[in-house]
Amino acid sequence: MITIIIKISLLLALLVASHSLYALEATFNLNLNTVAVTASAIIVLVLCYMLTVIYKLKRSRYQLMLSEQRLKSTVEGSGDTLWDWNIKTGKVLRINDKYLMDSILSTEFPPNKSLIHPSDITQVEYLLKKHFAQQTPFFEATYRIKDHFGGWLWVLDRGKIIEKDTNLSPLRMTGTVRDISQLKLTEERLNLFAKCVESLTDALAIYDKNFKLVDINPSFLTLFGGVREQYLKKDFNLPGYDKSYINTIKKTVYQRDSLQQEVKLRNSAHVLLPIEISIDEIRNDQNQITNYVVVYSDLTERKKAESQLHNLSNRDRTTNLPNRNLFFTDLQKLGQLNSHHALLVFDLDNFKKINDSLGHQLGDSLLAKLAMRLNKLTRENDVFYRLGGDEFALVMSDTNDIYTITRTAKQFLAAIATPFKMAGHELAITSSVGIVLFPEDGNTPELLLKNADTAMYHAKKKGNSYLFFNDTMNREAVKRLQIENLMRFGLKENHFAVYYQPKMNIHTGKLVGMEALVRFITPKKGIISPGVFIPIAEETGQIIEIGEVVLNKACRDVKEWLDAGLFNGRVAVNLSAKQFSLPDLTTRIDVILQKNALPSYFLELEITEGTVMDDPKDAIAIMCSLSARGIHLAMDDFGTGYSSLAYLKQFPLNTLKVDKAFIDDMKNERGRNMVDSIVTIAHNLDLHVVAEGVEQASQIEILKQLNCETVQGYYYSKPLSKDEFTEFLKLQHSKSVPSLISQIKKVAVTN
Ligand code: C2E
Ligand code: CA
Ligand code: CA
């Protein structure tokens with residue numbers, strides 16, 4: 001086309017030029033040669049001009065084509081289909097021929113109404129009308145269009161009027177249409193998921209990769225209360241659990257990708273609920289963690305249902321006690337723990353008679369009453385079972401302490417033997433208890449029960465008693481019971497005497513005080529060592545009475561020696577933990593001191609670490625009130641228990657007694673260093689040091705070097721009876737003891 005134009009232009013230019021030449025020649029009669037040169041120049045000029053114009057035209061067309069192609073490929077690349085609509089004719093000029101246009105637009109636009117989803121027609125027409133009325137700068141609508149297969153495609157249709165007639169009526173409109181079915185599908189899925197999360201009954205929280213909260217669902221607020229904003233951006237935490245626990249959880253999630261854990265959390269009403277938290281990590285396409293999802297499931301109802309179900313199969317209806325089923329399960333579990341437990345089994349001696357004569361109903365209510373009565377006697381961790389019929393079992397976990405076990409057995413027997421008043425009858429029943437320890441007496445629940453039954457069978461022969469399956473335990477129990485009885489008798493009959501062991505100044509070898517030590521002198525069994533009877537007296541509580549006897553006798557004896565001018569130091573009396581925790585301890589001591597007219601200055605009390613470390617704060621208060629009375633306080637057996645130096649500083653102590661075990665150990669260097677350290681600590685705390693159990697001269701020498709000032713032990717003297725000690729005092733006195741009488745008098749006045 002362009003070449004034709006060029007050719008025609010050249011011909012025209014030649015025609016015009018030759019015609020002009022002849023005209024010029026004729027008109028002005030010019031020299032033809034000159035004219036010919038001029039004409040040729042003009043022709044060349046015209047030709048050059050025309051060629052330039054043509055080149056420019058060609059170039060701009062080429063660029064137009066390029067930009068059109070670019071636009072086309074951009075639009076195609078974007079997935080859009082261009083349309084150009086002649087509004088008057090209703091014809092659509094399709095610009096890029098895509099599947100979508102073929103399938104949906106046909107030749108008309110807007111598409112035939114039958115192609116648009118019935119629910120979308122009104123909306124499309126409304127939006128188009130608005131644009132025609134110039135109320136919107138663009139037409140934009142999302143609607144569904146029928147595809148070839150009778151299904152629906154979602155499209156996003158955008159357009160704008162580009163041509164109007166003189167009356168401003170729209171003539172042409174162009175735009176793009178895009179298949180957004182996939183997008184819509186994703187949107188619908190997202191909406192569905194969002195709705196699911198919203199309506200989830202479990203609380204849910206989404207955290208970012210740093211465990212900072214991004215969002216929560218409404219159930220989260222229903223469960224925990226508060227408003228959304230107060231949680232956003234906060235770190236993941238579980239109120240009531242410390243940071244290290246949270247860190248462990250995070251670490252586990254990181255290692256295992258997810259975690260399920262049961263925790264206790266407070267709900268909006270501050271009620272502690274069992275809650276299962278499930279944490280899952282979310283990863284992106286690059287497998288990097290982007291979020292964590294935490295679901296909080298309230299287990300209250302589930303637990304309730306489980307417990308009801310559990311109760312149904314594991315509880316006895318008559319007594320409401322756990323049944324035989326549970327007994328075996330529990331015993332099996334306990335057996336797997338690495339600790340000692342006791343099983344007590346018993347049945348009722350004459351229950352069959354009661355059942356036969358008074359009827360099963362009465363028999364059942366008797367069992368229920370008995371169960372209630374006995375259940376009250378159990379410790380917190382003990383479980384009382386009805387094994388069936390009139391057979392019961394008590395499992396005492398975490399103990400093989402003979403005293404605790406026998407005390408419970410005795411209490412049970414006494415409670416069973418207490419008559420029941422029922423339906424006008426007074427029912428007296430008796431029982432016998434068989435006891436096994438496990439794992440010692442058996443490693444399966446069946447064997448344990450069998451052995452406990454054997455023990456019960458033997459106990460029945462004695463009648464209304466208890467018996468261990470293990471004979472060593474029986475001998476021990478018998479011995480303990482004997483001592484307990486002997487002590488009861490001994491307290492009545494004044495069988496408790498007080499012996500005194502001197503405490504000597506290591507440098508002068510002179511008496512500085514003495515320790516009062518109890519002696520249990522029985523007419524039949526001779527002297528029973530405190531090491532044997534004191535622990536039993538501690539358990540039974542008899543130590544309180546024994547302790548008072550000792551304190552009273554010690555005060556009385558010291559007063560006598562004081563009045564005789566034989567002694568003017570302090571007597572140290574041991575105070576047991578049971579005595580120490582008596583609420584009226586100080587009053588009891590005051591009464592005894594007053595009764596014996598002994599000023600408190602002459603008294604020292606020895607307390608062990610165990611006694612004060614149980615509850616150090618309370619101990620400090622008690623010790624302060626004793627110390628305020630002028631009573632000295634010594635820490636006995638130092639180093640054998642667990643003393644905290646921090647507390648040691650706060651206790652108003654005067655003396656520290658280094659336990660015999662350390663003194664014995666001074667044979668080697670390590671032992672000597674140990675005593676050295678103890679003495680140094682004591683002196684730093686302004687405490688006086690007494691070495692206990694000193695038996696040899698070599699020990700005296702070492703202790704001297706270590707700056708220990710006082711010693712007590714067989715090296716100087718064994719504990720002496722009152723008379724023997726009087727002799728000892730007289731001997732000491734003859735060696736002239738520096739007098740403290742004036743000082744004593746001063747204190748006595750203030751008391
Ligand atoms: P303890 O308070 O550590 O008393 C020192 C014990 O060591 C006494 O034993 C004493 O006789 C013994 N002993 C003293 N020097 C030596 C020695 O050189 N070598 C050896 N091998 N032993 C020595 P005892 O009198 O048998 O008392 C034993 C424990 O019984 C006492 O230990 C104390 O804890 C307790 N106890 C004694 N009398 C009473 C008391 O009246 N009340 C209370 N609550 N406990 C007491
Ligand atoms: Ca002592
Ligand atoms: Ca001691």
*Would you say GLY531 is within 16 Å of ligand 2 (Cβ to nearest atom) and at positive phi?*
no
*Within the range 454-482, can you find the residues that are in a strand (DSSP E or B) and of a type in the set (Phe, Trp, Tyr)?*
TYR466, PHE468
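May I ask you to say which residue of ALA455, ALA423, ALA459 is over 42 Å from the mean Cα position of the chain (by Cα) and loosely packed, with under 14 Cβ neighbours inside 10 Å? Don't jump to the end; show me each part of the working.
Details: ALA455 fails: loosely packed, with under 14 Cβ neighbours inside 10 Å; ALA459 fails: loosely packed, with under 14 Cβ neighbours inside 10 Å.
From the options ALA455, ALA423, ALA459, the qualifying one is ALA423.
How many residues does the range 528-569 hold that are part of a loop (DSSP other than H, G, I, E, B) and of a type in the set (A, V, I, L, M, F, W, C)? Talk me through it step by step, then tell me what you get.
Initially, the range 528-569 is screened for residues part of a loop (DSSP other than H, G, I, E, B), giving 529, 541, 564-569.
Now drop any that are not of a type in the set (A, V, I, L, M, F, W, C), which leaves 564, 566-567.
Qualifying residue count, the range 528-569: 3.
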*Residues ASP676, ASP686: which one is farther than 23 Å from PHE520 by Cα, away from ligand 2 (no atom under 16 Å from the Cβ) and not in a helix (DSSP H, G or I)?*
ASP686
*Inspect the range 690-704 for any residue being acidic (Asp, Glu), in a helix (DSSP H, G or I), surrounded by 15 or more Cβ atoms within 10 Å (Cβ to Cβ) and within 16 Å of ligand 1 (Cβ to nearest atom) and give the result as yes or no.*
no
*Can you pull out the residues in the range 571-590 that are under 16 Å from ASP557 (Cα atoms) and loosely packed, with under 14 Cβ neighbours inside 10 Å?*
none
*asked:* Going by what's in this entry, would THR406 be described as under 13 Å from LEU343 (Cβ atoms), modelled with pLDDT of 90 or more, among the β-branched types (Val, Ile, Thr) and touching a helix residue (DSSP H, G or I) at 6+ places or on another chain (Cβ under 8 Å)?
replied: no
*asked:* So in the range 599-653, with the set limited to residues that are among the small types (Gly, Ala, Ser), within 16 Å of ligand 1 (Cβ to nearest atom) and assigned to a loop (DSSP other than H, G, I, E, B), which one is modelled with the highest pLDDT?
replied: GLY639
*asked:* Of the conditions (1) touching a residue at least 12 places away in the same chain (Cβ under 8 Å); (2) among the acidic types (Asp, Glu); (3) more than 18 Å from TYR207 (Cα to Cα); (4) out of contact with any Leu (no Cβ under 8 Å at 6 or more places or on another chain), ASP257 satisfies every one except a single condition; which number is it?
replied: (3)
*asked:* List the residue pairs whose Cβ atoms are under 7 Å apart, where the first residue sits in the range 613-634 and is not assigned by TED's automatic domain parsing to the domain that holds ALA516, the second is in a helix (DSSP H, G or I) and within 16 Å of ligand 3 (Cβ to nearest atom), and the two are 6 or more positions apart or on different chains.
replied: none
_Matching residues, the range 179-218, being part of a strand (DSSP E or B) and at pLDDT below 90_ = ASP179
*Enumerate the pairs (first residue in the range 518-532 and in the same structural domain as GLN542 (by TED's automatic domain parsing) and within 16 Å of ligand 3 (Cβ to nearest atom); second residue anywhere and among the charged types (D, E, K, R) and outside any loop (DSSP other than H, G, I, E, B)) with beta-carbon separation below 8 Å, excluding pairs fewer than 6 apart on the same chain, so at least 6 apart or on different chains.*
PRO530/ARG519
*Would you say TYR245 is of a type outside the set (S, T, N, Q), surrounded by 11 or more Cβ atoms within 10 Å (Cβ to Cβ) and assigned to a loop (DSSP other than H, G, I, E, B)?*
no
*Counting residues that are in contact with a His (Cβ under 7 Å, 6 or more places away or on another chain), which strands (runs of 3 or more DSSP E) fully inside the range 251-328 reach at least 3?*
none
*Do the conditions hold for ASN596, that is, is it assigned by TED's automatic domain parsing to the domain that holds MET514, in contact (Cβ under 8 Å) with a residue 40 or more places away in the chain, over 20 Å from ALA634 (Cβ atoms) and touching a helix residue (DSSP H, G or I) at 6+ places or on another chain (Cβ under 7 Å)?*
yes
*Sort through ASP637, ASP664 and tell me the only one that's more than 23 Å from ILE589 (Cβ to Cβ), touching a residue at least 12 places away in the same chain (Cβ under 8 Å) and either away from ligand 2 (no atom under 16 Å from the Cβ) or assigned by TED's automatic domain parsing to the domain that holds VAL571 (or both).*
ASP664
*Hey, among SER677, SER698, SER717, SER721, which residue is free of Cβ contacts under 8 Å to residues at least 12 places away in the same chain, closer than 30 Å to ARG519 by Cβ and either within 16 Å of ligand 3 (Cβ to nearest atom) or of a type outside the set (Phe, Trp, Tyr) (or both)?*
SER698
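The values are calculated or read from the model by the stated rules, or taken from the named source; none is laboratory data. Computed from a predicted model, the values in this text were never measured in an experiment. Quick reminder, even Gly has a Cβ in these numbers, built from the backbone with ideal geometry, and neighbours come from all protein chains shown.
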